[in-house]
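Colleague: Dropping the structure in here first, questions after.
The values are calculated or read from the model by the stated rules, or taken from the named source; none is laboratory data. From a predicted model like this one, the values you see are computed outputs, not experimental measurements. We place every Cβ from the backbone using ideal geometry, glycine too, and count neighbours over all the protein chains shown. Accessible surface is based on the protein model in full, side chains and every heavy atom, while ligands, DNA and RNA are left aside. Shrake-Rupley method; radii C 1.70, N 1.55, O 1.52, S 1.80 Å.
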Amino acid sequence: MKKIFVLSIFTFQLSLVIFAQPDRWQQRVKYTMNVDMNVQTNQFTGKQKLEYTNNSPDTLTKVFYHLYFNAFQPGSMMDTRSRRQGAVNGGGGRPDWDSRVKDRIVNLKPDEIGYQKIISLKMNGRPQVYTVLETILEVKLDKPIPPRSKVTFDMEFEAQVPLQIRRSGRDNPSSKVRYSMSQWYPKLCEYDYEGWHPTPYVGREFYGVWGDFDVSISIDKKYMLGGTGYLQNPNQIGFGYEEKGTKVKKPAGEKLTWRFIAPNVHDFMWAADPEFIHVSRKLRDSLTIHVLYKPTNSSAKSWEDLLDMAEKALPFIEKTFGVYPYKQFSFIHGGDGGMEYPMATLCIGPGAALHEWMHSWYYGLLGTNESLYPWMDEGFTQYAEERIAAFLSSSTGFAQIDNYNSYYSLVKSGKEEPLTTHADHYNLNAAYGPAVYSKGAVFVEQLGYIVGAPVRDKILLEYYKQWRFKHPNAADFMRIAEKVSDMKLDWYKEYWINSTKTIDYNIDSLWEEGGKTKVRMSRIGLMPMPIDLQITFKDGTKELHYVPMNLMYGIKPDEDPAIPRIVYEPWKWTHSTYIIETTRKLAEFAVVEIDPSLRLADVERKNNKLDLKW
Ligand SMILES: [Zn+2]
């Protein structure tokens, strides 16, 4: 299995046209952090050394950090936004709020809130002046950071872990995991070709600077940890991390210090609980899968089955979406729902694990700015999840059907907002999910309808190859798609992502004329698309009539040689009707259907098909 896989990747790469590597500068961070956790007060102190390399052509006069825990205080932006959504109709008279957040923040007591307090901050040894703006720290530097230079920030901070409300926190209500430690340290905001991204935290989506982490966490000896990175002292730690056959030698004292390093990631998460159960499996020399769970709200078996799932899925995942480059991945019980982090996930149950794992490719390795392009993370991940799930269950049905149906419901609701909306600024939570997850996944599947599924797959791999570790944006993806397919596809992004215009085609008439049968199609929706129209005859034979759309400047390769395909002149996007023809008699027709593959997201499918078996 493994050998065949390596060979196919190799031949695939040889067959690709070689493109110039994209040229984009990246800032770089190196964090060294020492954390001392008190499991009685749920407070910790931290020392953070941050080496920051300004690879930009710009002189930086200030820097920004995220202070995410400050969101978990009454009256915060997250609290206020959530309660506002609670008073708005999210559909069917239901409040639009996130059922995990609701009005829980406003009710937090002083020992339940979260905070991150800066005790001191120096740049190259000199104290700096800073302002705390709730979840953002603004630092006006005493000396600017010139282009292509490096500085060191030293910070001391204190924090209190909030009662778990959203993603991070302590003692989450269902799983009873003590610490879900995401968004837990003062984290430098990203500066890129669009400038700073100091996005106040209202509960949604992240963006970070690529770099290396060296994190030492001192905590009560009874607690087991998991998270991002590679444990450096497993033989002092034990808990199943020790090398086989080693006798664990724990140092004296009440606490253990866990040291992790994590190369080339843009965040660092950890979780801790005294009752975690830890199982692991080595999938290859350079990759171990860990599962840390408590048998509280899901069975031990369902958690441990994740090891089989990972082992079975990984070769297919890597062949389809690219190689997983890190040495470990950990499925960890905690948080709420499911949430992705580098090399790890926090899930409330094993059901969310596959989705969160697939984020390793889109959130973890490509790392788009999720605030600006949440659909490029969630949509692509959702697409990948459905595809892997179909592989695992050997299902032959249409794997993306749920995503299409969710998108159709969104359109019918009349509440759709364009995918260019910043993640935080969707008017309704009810509009965010179906847009970003489902319409985003449909984007990928429907791209296969336009360029052909095998070409779409080459696009996904080439996108991964060229843009991993580089924060691609939507235009970057489209350029890869255009180069690999040799088609113009800008129109697809402009309609599907930048607008809420919809697709609707119908078959409006059939007639015989001059010894031929003609079929006229109409474009009713505002978004133009290429058309696959299939005629099935009463004798069981089929014809595929393919009409490209003129903005594509290209033709989709034949996807199914078993069905004869007739290729037409392109349908001009300004024209509302198009006529195709066949030499077969109308009386021979059984079914005429626009897109029997169901990949065209036609919002009114009823008028796509005519059944003529009279
Ligand atoms: Zn997701």
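Colleague: Tally up the residues in segment 565-613 that are out of contact with any Phe, Trp or Tyr (no Cβ under 8 Å at 6 or more places or on another chain), of a type in the set (Lys, Arg) and farther than 14 Å from Leu533 by Cα, please.
Modeller: Within segment 565-613, residues that are out of contact with any Phe, Trp or Tyr (no Cβ under 8 Å at 6 or more places or on another chain), of a type in the set (Lys, Arg) and farther than 14 Å from Leu533 by Cα number 4.
Colleague: Continuing with this model, one more query. Would you point out which residue out of Leu600, Leu610 is closer than 17 Å to Gly452 by Cβ and either modelled with pLDDT of 95 or more or among the polar types (S, T, N, Q) (or both)? Give the steps one after another, and end with the answer.
Modeller: On the way: Leu610 fails: closer than 17 Å to Gly452 by Cβ.
Answer to the check: Leu600.
Colleague: Something else about it: Being in a loop (DSSP other than H, G, I, E, B) and farther than 19 Å from Pro570 by Cβ is the filter here; which residues of segment 488-516 pass it? Please lay out each step first, then the result.
Modeller: We begin by selecting, within segment 488-516, every residue in a loop (DSSP other than H, G, I, E, B); these are 488-489, 497-502, 504, 514-515.
Correct list: Ile497, Asn498, Ser499, Thr500, Lys501, Thr502, Asp504, Gly514, Gly515.
Colleague: Let me ask something else about it. Give Val484, Val451, Val444 a once-over and let me know the one that is of a type outside the set (Asp, Glu), under 16 Å from the mean Cα position of the chain (by Cα) and at pLDDT 95 or above.
Modeller: Val444
Colleague: Looking at (1) within 30 Å of His471 (Cβ to Cβ); (2) surrounded by 14 or more Cβ atoms within 10 Å (Cβ to Cβ), which is the one condition that is false for Gly86?
Modeller: For Gly86, the exception is condition (1).
Colleague: If I ask for residues that are within 11 Å of the ligand (Cβ to nearest atom), closer than 20 Å to Pro315 by Cβ and more than 10 Å from the chain's Cα centre (by Cα), which ones from segment 346-359 would you list?
Modeller: Within segment 346-359, just Leu354 meets the criteria.
Colleague: Tell me, yes or no, whether segment 225-241 has at least one residue that is touching a residue at least 12 places away in the same chain (Cβ under 8 Å), touching a helix residue (DSSP H, G or I) at 6+ places or on another chain (Cβ under 7 Å) and not in a strand (DSSP E or B).
Modeller: yes
Colleague: Right, here's the next one. For residues that are in contact (Cβ under 8 Å) with a residue 40 or more places away in the chain and open to solvent by 60 Å² or more (accessible area, probe 1.4 Å), tally how many sit in segment 99-112.
Modeller: Final tally of qualifying residues: 3.
Colleague: Do we find a residue being within 21 Å of His575 (Cα to Cα), free of Cβ contacts under 8 Å to residues at least 40 places away in the same chain and open to solvent by 20 Å² or more (accessible area, probe 1.4 Å) anywhere in segment 520-536?
Modeller: Within segment 520-536, one or more residues are within 21 Å of His575 (Cα to Cα), free of Cβ contacts under 8 Å to residues at least 40 places away in the same chain and open to solvent by 20 Å² or more (accessible area, probe 1.4 Å).
Colleague: In this structure, does Phe260 turn out to be open to solvent by less than 30 Å² (accessible area, probe 1.4 Å), in contact with a Gly (Cβ under 8 Å, 6 or more places away or on another chain) and over 30 Å from Phe469 (Cβ atoms)?
Modeller: Details: open to solvent by less than 30 Å² (accessible area, probe 1.4 Å): yes; in contact with a Gly (Cβ under 8 Å, 6 or more places away or on another chain): yes; over 30 Å from Phe469 (Cβ atoms): no.
Criteria not met by Phe260.
Colleague: In segment 567-609, which residues are under 30 Å from Arg387 (Cα atoms) and either assigned to a strand (DSSP E or B) or of a type in the set (S, T, N, Q) (or both)? It would help to see each step written out before you state the result.
Modeller: First, pick out the residues of segment 567-609 that are under 30 Å from Arg387 (Cα atoms): 567, 591-609.
Within segment 567-609, Val567, Val591, Val592, Glu593, Ile594, Ser597, Asp602, Asn607, Asn608, Lys609 meet the criteria.
Colleague: Taking the options Glu356, Glu340, Glu318, name whichever one is at pLDDT 95 or above, out of contact with any helix residue (DSSP H, G or I) (no Cβ under 8 Å at 6 or more places or on another chain) and among the acidic types (Asp, Glu).
Modeller: Only one candidate qualifies: Glu356.
Colleague: Still on this structure: Identify the residue in segment 374-383 that is touching a Ser or Thr at 6+ places or on another chain (Cβ under 8 Å) and farther than 14 Å from Asp402 by Cβ and, among all such residues, is nearest to the ligand (Cβ to nearest atom).
Modeller: Asp377
Colleague: Can you confirm whether segment 325-343 contains a residue that is without any contact (Cβ under 8 Å) to a residue 24 or more places away in the chain and within 14 Å of the ligand (Cβ to nearest atom)?
Modeller: Yes, segment 325-343 has at least one match.
Colleague: Still on this structure: Based on what the data block shows, is Gly452 in contact with a Pro (Cβ under 7 Å, 6 or more places away or on another chain) and either open to solvent by 10 Å² or more (accessible area, probe 1.4 Å) or away from the ligand (no atom under 16 Å from the Cβ) (or both)?
Modeller: For Gly452, the condition - in contact with a Pro (Cβ under 7 Å, 6 or more places away or on another chain) and either open to solvent by 10 Å² or more (accessible area, probe 1.4 Å) or away from the ligand (no atom under 16 Å from the Cβ) (or both) - is met.
Colleague: Pairs, please: C-beta under 7 Å, at least 6 apart or cross-chain, first residue β-branched (Val, Ile, Thr) and in segment 356-373, second within 13 Å of the ligand (Cβ to nearest atom)?
Modeller: Thr368/Met376; Thr368/Asp377
Colleague: Would you say Asp36 is of a type outside the set (Phe, Trp, Tyr) and open to solvent by 10 Å² or more (accessible area, probe 1.4 Å)?
Modeller: Against the criterion (of a type outside the set (Phe, Trp, Tyr) and open to solvent by 10 Å² or more (accessible area, probe 1.4 Å)), Asp36 qualifies.
Colleague: Specify the residue that is nearest to Tyr495 (Cα to Cα); the eligible residues are those in segment 517-554 that are β-branched (Val, Ile, Thr) and in a loop (DSSP other than H, G, I, E, B).
Modeller: Ile524
Colleague: Let me ask something additional. I'd like the full set of residues that are outside any helix (DSSP H, G or I) and open to solvent by less than 30 Å² (accessible area, probe 1.4 Å), limited to segment 476-487.
Modeller: Keep residues of segment 476-487 that are outside any helix (DSSP H, G or I), which gives 486-487.
If the condition is that a residue be outside any helix (DSSP H, G or I) and open to solvent by less than 30 Å² (accessible area, probe 1.4 Å), then Met487 is the only one that fits.
Colleague: Please state which of the following conditions Leu306 fails to meet, knowing it meets all the rest: (1) within 12 Å of the ligand (Cβ to nearest atom); (2) free of Cβ contacts under 8 Å to residues at least 60 places away in the same chain; (3) touching a helix residue (DSSP H, G or I) at 6+ places or on another chain (Cβ under 8 Å).
Modeller: (1)
Colleague: Which strands (runs of 3 or more DSSP E) does segment 113-199 wholly contain that include 2 or more residues that are open to solvent by 10 Å² or more (accessible area, probe 1.4 Å)?
Modeller: Numbers: elements: 115-123, 129-133, 136-145, 149-160, 179-181.
Where strands (runs of 3 or more DSSP E) fall fully within segment 113-199 and carry at least 2 residues being open to solvent by 10 Å² or more (accessible area, probe 1.4 Å), they are 115-123, 129-133, 136-145, 149-160.
Colleague: For residues that are open to solvent by 40 Å² or more (accessible area, probe 1.4 Å) and without any contact (Cβ under 8 Å) to a residue 40 or more places away in the chain, tally how many sit in segment 496-519.
Modeller: Selection size over segment 496-519: 3.
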